1. Simple spin-label model, 7 Å along Cα-to-Cβ: residue 140 to residue 22 in nm?
2. Stokes-Einstein D for region 1-126 at 37 °C, 0.692 mPa s, Kirkwood Rh over Cα pairs, in µm²/s?
3. Apply 1/(1 + (r/R0)^6) to the Cβ-Cβ distance of residue 13 and residue 118, taking R0 = 25 Å, and write down the FRET efficiency to the nearest 0.05.
4. Rounded to the nearest 20 Debye, what is the dipole magnitude of the chain about its Cα centre when Lys and Arg each give +1 and Asp and Glu each give -1 at the C-beta?
5. Considering only lysines 8 or more places apart in sequence, or on different chains, count the pairs in the chain whose C-alpha atoms sit under 30 Å apart.
6. Where in the chain are the helices, taken as whole DSSP H runs, whose Cα atoms extend 30 angstrom or more along the long axis and whose Kyte-Doolittle mean reaches at least -0.5?
7. Can you run phi through the Karplus equation (6.51, -1.76, 1.60; θ = phi - 60°) for region 11-20 and list ³J(HN,Hα) in whole Hz, with x for Gly and Pro?
8. Measure out, as a whole number of angstrom, how far apart the alpha-carbon centroids of region 1-69 and region 107-143 sit.
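What follows is calculated from the coordinates using simple rules that are stated; it is not laboratory data. Because the structure is a prediction, the values reported are computed rather than measured. Cβ coordinates were reconstructed from backbone atoms using ideal geometry, including for glycine residues, and neighbour counts include every protein chain displayed.
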Amino acid sequence: MPEIAKQRPVFRNINALKDLPSYRLPPAGIVSILHRISGVVMFLLMPFIIWMFDKSVSSEMSFDDFTSAFSAGLGFVPGALIKLVVLALIWAYLHHFIAGLRHLWMDVSHSVSKQQGRTSALATLALSIGLTVVLGAKLFGLY
């Protein structure tokens, strides 16, 4: 009697509208995606970063213009929007830096388990968000 071949699973393309909303990304995947997003944010806002640096170190008068931009704004751009952009830059830098340290640590230790990856990803998220909240509170004058 011939044996019946075992049915193998069929993998098809992911349907973005049906499959992605129900997909649970692990913390390491979230950190990886946010690492890329933070790098893009810093790259795209590089002209703003250069402008801020130039205004802050050129002269006393330009430094006054720099500090007044956070309260009075620049032209038609309100100061609150400038603070939000700077807050996004703070988060992007902190997350990118901490996630980069996480990757360096994983490369150096050569022993990454699923649990270590999850723990370090959660620590990366907690540190980057926590430090952003602290520095954001300082930026918005809460202390």
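1. The answer from the label model is 3.8 nm.
2. 176 µm²/s
3. 0.35
4. 860 debye
5. 5
6. Span-like helices in the chain: 79-109, 114-139.
7. Result, ordered by residue: 9, 10, 4, 6, 8, 4, 6, 9, 8, 5 Hz.
8. Cα centroid of region 1-69 versus Cα centroid of region 107-143: 16 Å apart.
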